[in-house]
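Engineer: Here it is, the structure in full.
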Amino acid sequence: PADGSVNWTYDAEIVESVPAVDMNGNVYVGTTNGRLLILSSAGGLEKEFELGDGVINSPTIISDGTVFVEGLDEEVIKLFKVSVEESGPADSPWPMKGQNVKNTAQAK
């Protein structure tokens, strides 16, 4: 909110993942134990994907709603693709790490 107060929190162990936000306000974030969490704009768990056994890094959302995320599975780095219907990156100054799909830190 504009006054800087906290709307909600979610208890998860997150070290390297910068959250991404989609056009519906859902928040995508990776955990240290190999899960990709999708949290609603109200802070509730919408979905959880077990992608590996290690750190899941920052997700990227492309215009058709596809989410790409890198994770560690049995000491092998893998790229995962998750399809989300009727979605895409949020229309905001910082919808994901680096501000855009290419992570250039340039909003437009």
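The values are calculated or read from the model by the stated rules, or taken from the named source; none is laboratory data. Quick caveat: nothing in here was measured; it's all calculated off a predicted structure. Glycine also receives a Cβ, built like all others from the backbone with ideal geometry; neighbour counts cover every protein chain displayed. Heads up: the accessible areas ignore ligands, DNA and RNA and are worked out on the full protein's heavy atoms, side chains in. Shrake-Rupley method; radii C 1.70, N 1.55, O 1.52, S 1.80 Å.
Engineer: Along Cα→Cβ, 7 Å out, is where each label goes; now give me the distance between the ones at T9 and T66 in nm to one decimal.
Structural biologist: With each label point 7 Å from Cα toward Cβ, the separation is 3.7 nm.
Engineer: Another question about this same structure. Compute, for L37, the solvent-accessible surface of its heavy atoms (probe 1.4 Å) with the complete set of protein chains present, and express it in square angstrom to the nearest 10.
Structural biologist: Surface accessible to solvent at L37 totals approximately 10 Å².
Engineer: How do D91, D3, D73, D53 stack up against each other in accessible area, from largest to smallest, with a 1.4 angstrom probe?
Structural biologist: D91, D3, D53, D73
Engineer: Hey, another quick one. May I ask you to list the lysines whose Cα is less than 17 Å away from that of K102, ignoring any residue fewer than eight positions away on the same chain?
Structural biologist: K81
Engineer: So which aspartates and glutamates can K97 reach, going by Cα to Cα under 15 Å and dropping same-chain residues fewer than 8 places off?
Structural biologist: Answer for K97, where 15 Å is the Cα cut-off: E16, D22, E70, listed by chain and number.
Engineer: Given points 7 Å out from each Cα along the Cα-Cβ axis, report the E16 to W94 separation in nanometres with one decimal.
Structural biologist: My value for the distance between the label points is 2.1 nm.
Engineer: Additional query: For N103 and D73 in one chain, what is 0.36 nm times their gap in residues minus the Cα-Cα distance, to one decimal in nm?
Structural biologist: The N103-D73 span can extend by a further 8.4 nm.
Engineer: Using a 1.4 Å probe on the protein chains only, how many percent of the accessible area of the chain belongs to carbon and sulfur?
Structural biologist: After summing per-atom areas, the C and S share lands at 49 percent.
Engineer: Largest first, how would K81, K97, K102 line up by accessible area (1.4 Å probe)?
Structural biologist: K102, K81, K97
Engineer: Tell me the per residue accessible area of the chain using a 1.4 Å probe; a whole number in Å² is fine.
Structural biologist: Ligands and nucleic acids excluded, the figure is 62 Å² per residue.
Engineer: Rounded to the nearest 10 Å², what accessible area does I62 have for a 1.4 Å probe in the complete protein model?
Structural biologist: Roughly 50 Å² of I62 is accessible to a 1.4 Å probe.
Engineer: A follow-up question, please. Leaving ligands and nucleic acids out of the surface, order W94, W8 by accessible area at 1.4 Å, largest first.
Structural biologist: Putting W94, W8 in descending order of accessible area: W94, W8.
Engineer: Can you find, among W8, M96, Y28, the residue sitting farthest towards the positive end of the charge dipole of the chain, where Lys and Arg contribute +1 and Asp and Glu -1 at Cβ?
Structural biologist: Checking the options against the dipole of the chain, the answer is M96.
Engineer: Still on this structure: Could you check the simple spin-label distance between M23 and K81, using points 7 Å along Cα→Cβ, in nm with one decimal?
Structural biologist: 2.0
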